[in-house]
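Notes follow the structure.
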Amino acid sequence: MILLAESGSTKTQWRAIYPDRIEELKNTPGINPLFLSFEEIESIIRPVSGEVEAQLPDAVYFFGAGCATLMAKEKIGKAIFSVFESPEIIIDSDLIAACLSLAGNKPSIIGILGTGSNSCLWNGEAIEEQIPSMGYVLGDEGGGVSIGKQLLSDFFKKQMPAVLQLRFSEVYDISREKVIERVYQLSQPNRYLASFAPFVQQHIDNPYCKKLISDQFENFVNRNLLYYCRTRQIEANFCGSIAFAHADILNAICKTHNLIVGNIVKEPVDGLANYLKDKVC
């Protein structure tokens, strides 16, 4: 049995992969080694062992946000080994997970628009080129964090339409002091900022919300994806909750830039599980 984890900053999805079937396990909170300690990561992973205790995994595959560096991979690897003592532990980024799930062995532009954002040019075997995401402070265009930052800024600076300004204050009991503390003093500010993104989806018929998403996607495409197709036209595939929720707007923005859109899926985990089942089991 192979144990698969696909993690964003918000949640981690687990699958137990057998030669003849794939079992869905309970989700756990997101595991991003950039924001969590070894002890915190271990405490999130440990409950999963109760679901597979009858058979320890032959291998654990972990794909997650913040797992691109050796230091991050070592932190995750030690936490996984402390729980499962698996003889084989493979750790890679959520971007690789998206590539394998969405494109497999086909060349593709890959875009992730979830809590954060990321992208690359996948040649069917490896990442050929990548514009760096730069994280929630310097990047993440089009992701939930960037949307949340824009919403909060517009709310406090009175840039929202009056009806949305009122509705936002009713839905979220927030103050300037509370936001400052949560963003600048407490842990995982990226997750907090992204928690405001559903407000846009719930009010997407309002021109303000539609323009906000359009501007975010335009920024993401211009600053990331267009670089990959400067010499040739290649299909773009997307995953992530924000991409999926606003697929019609994403399609429209891509069309204005002559980008061919393939699939837009909410989560890459099932495609990734099927890929591993075919390749490894």
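Observations, loosely collected:
- Condition broken by TRP122, with the remaining ones in (1) touching a strand residue (DSSP E or B) at 6+ places or on another chain (Cβ under 8 Å); (2) in contact (Cβ under 8 Å) with a residue 40 or more places away in the chain; (3) surrounded by 23 or more Cβ atoms within 10 Å (Cβ to Cβ) satisfied: (2)
- Checking PHE220 against (1) aromatic (Phe, Trp, Tyr); (2) outside any helix (DSSP H, G or I); (3) in contact with an Asp or Glu (Cβ under 6 Å, 6 or more places away or on another chain), the condition it does not meet: (2)
- Strands (runs of 3 or more DSSP E) contained entirely in region 1-53, each with at least 2 residues that are over 21 Å from GLU267 (Cα atoms), of a type in the set (A, V, I, L, M) and touching a residue at least 24 places away in the same chain (Cβ under 8 Å): none
- Among the residues of region 95-102, some residue qualifies, meaning at least one is within 21 Å of the chain's Cα centre (by Cα), small (Gly, Ala, Ser) and within 20 Å of PRO132 (Cβ to Cβ).
- Where a residue in region 225-236 is assigned to a loop (DSSP other than H, G, I, E, B) and its partner, wherever it lies, is β-branched (Val, Ile, Thr) and surrounded by fewer than 18 Cβ atoms within 10 Å (Cβ to Cβ), with Cβ under 8 Å and at least six apart: GLN233/ILE260; ILE234/ILE260; GLU235/ILE260
- In region 172-188, the condition of being under 29 Å from PRO29 (Cα atoms) and in contact with a Ser or Thr (Cβ under 6 Å, 6 or more places away or on another chain) is met by no residue.
- Just so you know, in region 105-120 the residues that are touching a helix residue (DSSP H, G or I) at 6+ places or on another chain (Cβ under 7 Å) and in a loop (DSSP other than H, G, I, E, B) include one that is nearest to VAL269 (Cα to Cα), and it is GLY114.
Let's see how each residue does on (1) surrounded by 16 or more Cβ atoms within 10 Å (Cβ to Cβ); (2) within 30 Å of GLU23 (Cβ to Cβ); (3) modelled with pLDDT under 95; (4) not basic (Lys, Arg):
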{"residue": "ILE174", "(1), (2), (3), (4)": "no, no, yes, yes"}
{"residue": "ILE213", "(1), (2), (3), (4)": "yes, no, no, yes"}
{"residue": "CYS229", "(1), (2), (3), (4)": "yes, no, yes, yes"}
{"residue": "GLU235", "(1), (2), (3), (4)": "yes, no, yes, yes"}
{"residue": "ILE264", "(1), (2), (3), (4)": "yes, yes, no, yes"}
{"residue": "VAL269", "(1), (2), (3), (4)": "yes, yes, yes, yes"}
{"residue": "LEU276", "(1), (2), (3), (4)": "yes, yes, yes, yes"}
{"residue": "VAL280", "(1), (2), (3), (4)": "no, yes, yes, yes"}
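- Condition met for ILE22 (among the β-branched types (Val, Ile, Thr), touching an Asp or Glu at 6+ places or on another chain (Cβ under 9 Å) and surrounded by fewer than 21 Cβ atoms within 10 Å (Cβ to Cβ)): yes
- The lone criterion from (1) in contact with a helix residue (DSSP H, G or I) (Cβ under 7 Å, 6 or more places away or on another chain); (2) assigned to a helix (DSSP H, G or I) left unmet by CYS99 is number (1).
- Just one of (1) within 24 Å of SER195 (Cβ to Cβ); (2) of a type outside the set (Gly, Ala, Ser); (3) surrounded by 18 or more Cβ atoms within 10 Å (Cβ to Cβ) fails for PRO47. It is (3).
- Failed condition for TYR61, given (1) farther than 22 Å from ASN118 by Cα; (2) among the aromatic types (Phe, Trp, Tyr); (3) out of contact with any Ser or Thr (no Cβ under 8 Å at 6 or more places or on another chain); (4) surrounded by 18 or more Cβ atoms within 10 Å (Cβ to Cβ): (1)
- One residue from LYS158, LYS178 being basic (Lys, Arg) and part of a helix (DSSP H, G or I): LYS178
- Of everything listed in (1) more than 23 Å from LEU34 (Cβ to Cβ); (2) in contact (Cβ under 8 Å) with a residue 60 or more places away in the chain; (3) among the charged types (D, E, K, R), the single unmet condition for GLU141 is (1).
- Of the residues making up region 102-119, those that are more than 24 Å from GLY148 (Cα to Cα) and either of a type outside the set (A, V, I, L, M, F, W, C) or surrounded by fewer than 24 Cβ atoms within 10 Å (Cβ to Cβ) (or both) are ALA103, GLY104, ASN105, LYS106, PRO107, SER108.
- Flag for SER82 being part of a loop (DSSP other than H, G, I, E, B) and surrounded by fewer than 24 Cβ atoms within 10 Å (Cβ to Cβ): no
The values are calculated or read from the model by the stated rules, or taken from the named source; none is laboratory data. Fair warning: this is a prediction, and the values are worked out from it, not measured in the lab. Heads up, the Cβs are rebuilt from the backbone with ideal geometry, glycines too, and the neighbour counts pull from every protein chain shown.
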